[in-house]
1. State, to one decimal in nm, how far the label point of GLN98 lies from the label point of ASN52, with both points 7 Å from Cα in the Cβ direction.
2. For every other residue with a beta carbon closer than 12 angstrom to the beta carbon of GLN98, add +1 if it is Lys or Arg and -1 if Asp or Glu, then tell me the sum.
3. Which length gain, in nm to one decimal place, applies between ASN114 and THR33 when the Cα-Cα distance is subtracted from 0.36 nm times their residue separation?
4. Sequence neighbours fewer than 8 away in the same chain don't count; with that in mind, list the aspartates and glutamates whose C-alpha is under 20 Å from LYS37.
5. Take LEU121 and ARG106, extend 7 Å from each Cα along the Cα→Cβ direction, and tell me the distance between the two endpoints in nm.
6. Please give the peptides 33-44, 94-105 ranked by average Cβ packing (other Cβ atoms within 10 Å per residue), highest first, as a rough proxy for protection.
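No value in this document is a laboratory result; all are computed from the given coordinates. It should be emphasised that the depicted structure is a prediction, and the values quoted were computed from it without experimental measurement. For neighbour counting, all protein chains shown are included, and Cβ atoms are generated from backbone atoms with ideal geometry for every residue, glycine included.
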Amino acid sequence: MGHALFANSIVGTKVYPSPQENGTEMKTPKKITDAAKGEPCTLNIPGHCNYNIETTCFCHHDDGTGGSNRLTGPLSGGIGCSGCHDCIDGRVPTALSQDDMEFFKRRSQNRTINRLIELGLVKVAGL
């Protein structure tokens, strides 16, 4: 059993293994990555965000299922501009703490999932 967030998902009484445990690799569907283009940045990191919708893409966030050079789960990410993406990927220096960085990534993830629901790309039973 994995210990990281989302490493295992429990639905009812059945446990679904993480990608590392079942030998598969999760990928973000092309419809989701394509939908991120032209959308407003959901990271909005002060001092890094350029608010340029021409540079937005789906930015993957570590969820414990990826590992070195592997993508994370299909919903573990958010829509980010090039400035915020560079920040979360460590390509530019930042004064943000790890806790602050985690806050911005998780807020972005929630905002992005809500946007994907609005676009009809993610369905939630009962909504």
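1. Modelled inter-label distance: 3.2 nm.
2. Working: positive: LYS105; negative: ASP62, ASP99, ASP100, GLU102.
That sum, taken over residues with Cβ under 12 Å, equals -3.
3. Details: separation 81, 0.36 × 81 = 29.16 nm, distance 1.48 nm.
Fully extending the segment from ASN114 to THR33 adds 27.7 nm.
4. Straight-line reach from LYS37, under 20 Å: GLU54, ASP86, ASP89, GLU118.
5. 2.3
6. On the way: 33-44: 18.4, 94-105: 13.7.
Listed from highest to lowest mean packing, they are 33-44, 94-105.
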